[in-house]
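Quick notes on the structure that follows.
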Amino acid sequence: MRSHYCGALSTTHIDETVTLCGWVDRRRDHGGVIFLDLRDRQGIVQVVFDPDTEEHFERADRVRSEYVLRVTGRVRARGAGTVNPAMATGEIEVLGKELEILNQAATPPFQLDEYTNVGEDVRLQYRYMDLRRQQMQERLILRSKITTAVRNFLDGEGFLDIETPILTRATPQGARDYLVPSRTHPGQFFALPQSPQLFKQLLMVSGFDRYYQIAKCFRDEDLRADRQPEFTQIDIETAFLEEQDIMSITERLVRELFSAVLDVELPEFPRMAYAEAMERFGSDKPDLRIPLELVSVDDLMQQVEFKVFRGPADDPAGRVAALKVTGGATISRKEIDTYTDYVAIYGARGLAWIKVNDVDAGVEGLQSPILKFMPEEIVASMMQRLGAANGDIIFFGADRADIVNEALGALRIKVAEDLGLVSAGWAPLWVVDFPMFEADGDGGLTPLHHPFTAPSCSVEELVAAPAAALSRAYDMVLNGTELGGGSIRIHRAEMQQAVFEVLGIDETEAREKFGFLLDALQYGAPPHGGLAFGLDRLVMLMTGASSIRDVIAFPKTQTAACLMTEAPSDVGAAQLRELNLRLRQVREGQDKAQ
Ligand code: ASP
């Protein structure tokens with residue numbers, strides 16, 4: 001129907017007759033001449049109708065915002081004073097000859113150029129309208145470019161795109177499963193995959209060597225922060241490669257993406273052990289653009305009477321750490337109170353601080369409510385260790401190590417953002433040498449990645465000291481966001497069984513849940529490993545969007561609902577009966593499902 005996209009027209013098309021299809025972005029009547037801004041996925045062009053074209057002019061007069069038009073006309077240069085430098089097509093316009101109204105449109109629920117005034121729920125309810133906005137079009141176009149570049153790269157490296165089932169058994173990745181009742185097996189359920197993990201491992205057992213899939217994953221989590229119940233992974237698995245090889249391929253993939261799509265050459269990817277990342281940044285996904293670090297002062301605080309610090313310093317599970325903020329002495333008492341509330345979210349029971357006014361004047365030159373609890377020489381040693389200078393503020397965390405790390409780790413980012421200390425650009429890294437397990441809070445252990453991750457020790461060593469075991473896992477981090485994570489997998493049944501045992505999964509349960517995996521490991525499973533990238537997060541970073549919802553065409557809300565289709569929804573009694581389901585609580589007005 002069209003000869004060109006609106007946004008693709010330029011001065012090279014002057015004097016050509018073109019046919020365009022698109023939506024009316026704006027209509028203006030300038031005393032007898034009608035200006036229509038016509039929009040499609042490439043952009044906007046101005047079309048002018050004058051009364052000479054009679055019936056077409058009349059139609060142009062009738063159109064309203066978001067009508068769908070087909071216009072034929074001649075491209076011409078705009079007159080001197082009417083060039084619009086703010087518009088990509090601003091040097092030209094189309095003199096309309098024919099206009100066909102392909103469809104009318106009701107008054108839009110919001111003006112597309114005023115979307116910021118409407119709540120996100122209205123945007124999500126009318127998502128198809130929201131997606132007409134240029135910014136959303138650009139983001140989804142970039143997303144498509146990214147997936148195309150991923151496919152091209154992996155195809156070039158000999159990877160095969162193989163689909164794995166959506167209706168399957170639970171594959172644990174640490175979240176709740178979405179369940180689907182089976183009609184043909186009354187009382188039984190499929191689980192939607194939290195990731196294709198076990199299938200991709202089984203493909204390695206089958207000999208496919210290099211697999212990838214751009215895969216939908218489903219996790220029924222409480223949607224804290226920026227999560228979606230269904231999201232997309234670039235899922236990768238290989239056999240006969242060591243972690244160095246896998247890291248090198250996936251690093252090249254990300255480099256290639258940034259270079260092909262954004263024309264950005266990423267810097268080196270340093271490698272950092274998990275323990276070091278926690279010690280220095282309180283996080284296993286440190287944002288290396290921020291020049292602030294946590295410094296442990298436990299040894300010094302073991303020498304003070306001040307209980308708040310002394311207690312955690314003496315406790316092997318505790319930590320006392322300092323965060324020095326260069327130039328932070330300008331932070332007001334009121335702002336410190338706000339930061340205190342902020343760290344409380346992470347469980348911190350307070351936020352001690354010292355302002356450095358004159359470092360040469362000893363304690364006299366410092367300002368803080370906690371100085372009176374500390375001997376002068378301890379304060380002096382601490383100032384020295386931290387390299388404190390005039391104008392700095394030092395914040396402290398003293399609690400269980402995990403609370404201190406989370407709280408000061410989060411504070412580090414917040415303060416840096418508030419004070420404009422986050423440098424521009426890209427700071428990637430690999431985090432390696434993760435512990436195999438972490439405490440689950442009930443005295444047991446839970447996998448830090450997933451239970452199929454290989455430890456870097458023997459079965460005997462693992463069983464003897466599971467809490468001390470490290471894994472062969474690696475995470476790729478970019479600007480404080482985990483882009484992807486993976487590991488070398490367990491490929492021997494005895495090791496897999498040992499890990500299940502550590503996790504408190506006995507043989508019967510292991511057989512029942514993972515019998516197929518344990519069987520497969522008996523039939524010549526090769527050494528294998530892989531990684532998965534979170535595509536949504538990657539696109540978010542690459543487009544500069546602030547939420548993954550802004551790079552997903554039809555995302556769900558924080559309560560895991562789709563406002564447009566109103567899913568999830570009630571189902572009728574007949575459908576429930578067919579599935580052998582009966583609801584325990586039937587809401588008022590809903591069909592009884594007995
Ligand atoms: N399946 C893992 C995840 O989704 C990634 C991997 O180990 O490859 O987190």
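Derivation of every value follows stated rules applied to the coordinates shown; laboratory data play no part. Being a predicted model, the structure only gives us computed values, none of them experimental. Backbone-built Cβ (ideal geometry, glycine too); neighbour counts: all protein chains shown.
Points to keep in mind about this one:
- Cα centroid separation, the stretch 216-238 to the stretch 337-409: 38 Å.
- Summing Lys and Arg as +1 and Asp and Glu as -1 over all other residues whose Cβ lies under 12 Å from the Cβ of Gly441 gives a net charge of -3.
- Rough spin-label spacing in nm, given labels placed 7 Å along Cα→Cβ, for Asp315 and Asp226: 3.3
- Rounded to the nearest 20 debye, the dipole magnitude of the stretch 316-457 is 140 debye, with +1 charges on Lys and Arg beta carbons, -1 on Asp and Glu beta carbons, and the Cα centre as origin.
- Highest-first arrangement of 76-82, 239-245, 552-558, where packing means the average Cβ count within 10 Å: 552-558, 239-245, 76-82
- Three-way shape label, the stretch 366-413, alpha-carbon gyration tensor, a/c 1.5: prolate
- About the centre of its Cα atoms, the chain shows a dipole size close to 1440 debye [charges on the beta carbon of Lys, Arg (+1) and Asp, Glu (-1) only; nearest 20 debye].
- Cα shape, the stretch 38-99, gyration tensor, a/c 1.5 rule: oblate
- Projecting the Cα positions of Ser296, Leu371, Gln233 onto the charge dipole of the chain (unit charges on Cβ atoms of Lys, Arg, Asp and Glu, taken about the Cα centre) puts Gln233 furthest along the positive direction.
- Residues of type aspartates and glutamates that Lys334 reaches as a straight line, Cα spacing below 15 Å, ignoring anything fewer than 8 places off in the same chain: Asp418
- Put simply, when 486-492, 542-548, 295-301, 568-574 are sorted by average Cβ atoms within 10 angstrom per residue, most first, you get 486-492, 295-301, 542-548, 568-574.
- The value obtained for the chain, namely the Cα convex hull volume divided by the number of residues, is 231 Å³ per residue.
- Ellipticity at 222 nm from helices only: DSSP H runs of n ≥ 4 in the chain, each -39500 (n - 2.57), divided by the residue count, give -8500 deg cm²/dmol.
- Farthest toward the positive end of the dipole of the stretch 1-92, out of Val68, Val18, Gln42, is the Cα of Gln42, where the dipole comes from beta carbon charges about the Cα centre.
- For the stretch 508-575 versus the stretch 15-49, the inter-centroid distance based on Cα atoms is 43 Å.
- Residues Glu512, Glu93, Glu157 arranged by fewest to most Cβ contacts within 10 Å: Glu512, Glu157, Glu93
- As a proxy for reagent exposure, ranking Thr446, Thr148, Thr238, Thr232 by other Cβ atoms within 10 Å from fewest up yields Thr148, Thr446, Thr232, Thr238.
- Taking the three principal axes of the alpha carbon atoms in the stretch 11-62, the coordinate ranges are 28, 23, 17 Å, sorted in descending order.
- Label-reachable residues, the stretch 212-250, where backbone N falls under 18 Å from a point 7 Å from Val118's Cα toward its Cβ: none
- Percent of Cα pairs exceeding the 26 Å cut-off, where the set is the stretch 371-496: 46
- Residues of type lysines that Lys307 reaches as a straight line, Cα spacing below 18 Å, ignoring anything fewer than 8 places off in the same chain: Lys372
- Net lengthening on full extension, Gln188/Ser569 (0.36 nm per residue, minus Cα-Cα): 135.0 nm
- Contact order for the chain, expressed relative to its length and based on alpha carbon pairs under 8 Å spaced 6+ residues apart, stands at 13 percent.
- Greater than 28 Å apart at Cα, pairs in Lys285/Lys556; Lys216/Lys513; Lys216/Lys285; Lys513/Lys556; Lys145/Lys513; Lys97/Lys145: Lys513/Lys556; Lys145/Lys513; Lys97/Lys145
- Assuming charge only on the beta carbon of Lys and Arg (+1) and of Asp and Glu (-1), the dipole of the stretch 222-273 about its Cα centre is about 140 debye to the nearest 20.
- Kirkwood hydrodynamic radius over Cα pairs of the stretch 470-593, then Stokes diffusion coefficient at 20 °C and 1.002 mPa s, in µm²/s: 110
- Three-way shape call for the stretch 188-291 based on the alpha-carbon gyration tensor, with the a/c threshold at 1.5: oblate
- Taking the centroid of alpha carbons for each part, the stretch 286-333 and the stretch 54-127 are 58 Å apart.
- Two-site label geometry, Gln558 and Ile14: point separation in nm, points 7 Å out along Cα→Cβ: 5.4
- Debye intensity ratio in log₁₀ form over the Cα atoms of the stretch 85-187, taken at each q of 0.13 Å⁻¹: -0.97
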